[in-house]
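The values are calculated or read from the model by the stated rules, or taken from the named source; none is laboratory data. Here the structure is a predicted model, which means the values were calculated and not measured. Here the Cβ positions follow ideal geometry from the backbone for every residue, glycine too, while neighbour counts run over all protein chains shown.
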Amino acid sequence: MTRPEHRSAADHASASVAGPGARPRNDWLLQVEDVRKSYGPREALKGVSLAVGPGEFVALLGPNGAGKSTLFQLLTGLFNADTGQVRVCGHDMRHAPVRALGRIGVVFQQMTLDLDLTVEANLVFHARLHGLGRADSQARIADALQSLGLAERAHDRVRELSGGNRRKVELARALIHRPAVLLMDEATVGLDPASRRHLLNEVLALRANGVAVLWASHLVDEAEAADRVIVLHKGKILAEGSPQALVDATGADSLAAAFLQMTGGTEAATPSLE
């Protein structure tokens, strides 16, 4: 049973900053409303609602098994929600999936690149899937690889790259079609601290371009730079607010301590990014 003081801290954190209702409905690029998803008798998501606006970096923070992966499966059209709605730039994922998915870029937890193709070939294939012409795709690929420091690796096979550089290629691929919404699903798993920091900084910089970012992680330090943090636990949203608002609401001395207090954890997931 949830302790009364636990509930009030989460409620306070959620109310302490502007939530999804503070913007006009058509200003949100990603909207999730009262989404539920079950696998047989197990309810993985229990009425989840969230929204992300232009130029906003929102961290979806939750321990393993919280429902983050299930939510991302719904956001990327792999499964449909049992009830509720997912909208991307106003397009309903259930009724207009092609339009909705066309506005999304995604980096999954598991790598999905073709290891035997070159970096450039992987990106060209993705560009063609989105209907980009040859000249346009070549220009975008060159710009993306240059900005990520991979211009000299364009003709290397992906299997020759380090884990950090493979993630950079996946980020470049996710951005080639210039999506409005970028989804990052535990994208730093398996990376060393320097690679994690570099990837996080690259994604944080996208706010200047108006991209709406939803970054899912169980690592608290990755959420500390977020505009808002949404704490997901056992399929429910416990709290939502700026990192400092969650700290203040729980009376904790850090975001890690606040997260543990809300989720009842016993060990902080806070490996250093330094």
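Worth pointing out:
- Enumeration of residues in region 98-108 that are surrounded by fewer than 16 Cβ atoms within 10 Å (Cβ to Cβ) and under 20 Å from GLU33 (Cβ atoms): ARG99
- Total residues in region 248-266, condition aliphatic (A, V, I, L, M), buried (at least 21 other Cβ atoms within 10 Å of the Cβ) and under 17 Å from GLU222 (Cα atoms): 2
- The single condition from (1) out of contact with any Lys or Arg (no Cβ under 9 Å at 6 or more places or on another chain); (2) under 30 Å from HIS218 (Cα atoms) that ALA151 fails is (2).
- Scoring SER49 on the criteria (1) assigned to a helix (DSSP H, G or I); (2) under 17 Å from the mean Cα position of the chain (by Cα); (3) small (Gly, Ala, Ser) leaves a single failure, condition (1).
- A residue that is among the basic types (Lys, Arg), touching a residue at least 40 places away in the same chain (Cβ under 8 Å) and under 27 Å from ARG36 (Cβ atoms) occurs nowhere in region 182-205.
- Scanning region 96-116 for residues that are part of a loop (DSSP other than H, G, I, E, B) and of a type in the set (A, V, I, L, M, F, W, C) yields ALA96, PHE108, MET111, LEU113, LEU115.
- Restricting attention to region 77-95 and to residues that are in contact with a helix residue (DSSP H, G or I) (Cβ under 6 Å, 6 or more places away or on another chain), hydrophobic (A, V, I, L, M, F, W, C) and not in a strand (DSSP E or B), the residue that is farthest from LEU30 (Cα to Cα) turns out to be PHE79.
- Of all the numbered requirements in (1) under 24 Å from ALA187 (Cβ atoms); (2) at pLDDT 95 or above; (3) not in a helix (DSSP H, G or I), LEU74 misses one, and that requirement is (3).
- Candidates VAL158, VAL124 - the one that is modelled with pLDDT of 95 or more and either touching a Leu at 6+ places or on another chain (Cβ under 8 Å) or buried (at least 20 other Cβ atoms within 10 Å of the Cβ) (or both): VAL158
- When the test is whether a residue is touching a strand residue (DSSP E or B) at 6+ places or on another chain (Cβ under 9 Å), of a type outside the set (Ser, Thr, Tyr) and without any contact (Cβ under 8 Å) to a residue 12 or more places away in the chain, ARG103 does not pass it.
- Applying a threshold of 7 Å to beta carbon distances and a minimum spacing of six or more residues, or different chains, the list of pairs starting in region 66-82 at a residue that is within 14 Å of ALA96 (Cα to Cα) and ending at one that is among the small types (Gly, Ala, Ser) and crowded, with 17+ Cβ neighbours inside 10 Å reads LEU74/ALA81.
- Of everything in region 75-85 that is surrounded by 14 or more Cβ atoms within 10 Å (Cβ to Cβ) and closer than 18 Å to ALA174 by Cβ, the residue that is farthest from the chain's Cα centre (by Cα) is GLY77.
- Within region 96-112, tally of residues that are closer than 14 Å to VAL203 by Cα and of a type in the set (Gly, Ala, Ser): 1
- Annotation note: of VAL48, VAL35, VAL52, the sole residue that is free of Cβ contacts under 8 Å to residues at least 60 places away in the same chain, among the hydrophobic types (A, V, I, L, M, F, W, C) and over 11 Å from ALA216 (Cα atoms) is VAL35.
- Flag if GLU152 is free of Cβ contacts under 8 Å to residues at least 60 places away in the same chain and assigned to a helix (DSSP H, G or I): yes
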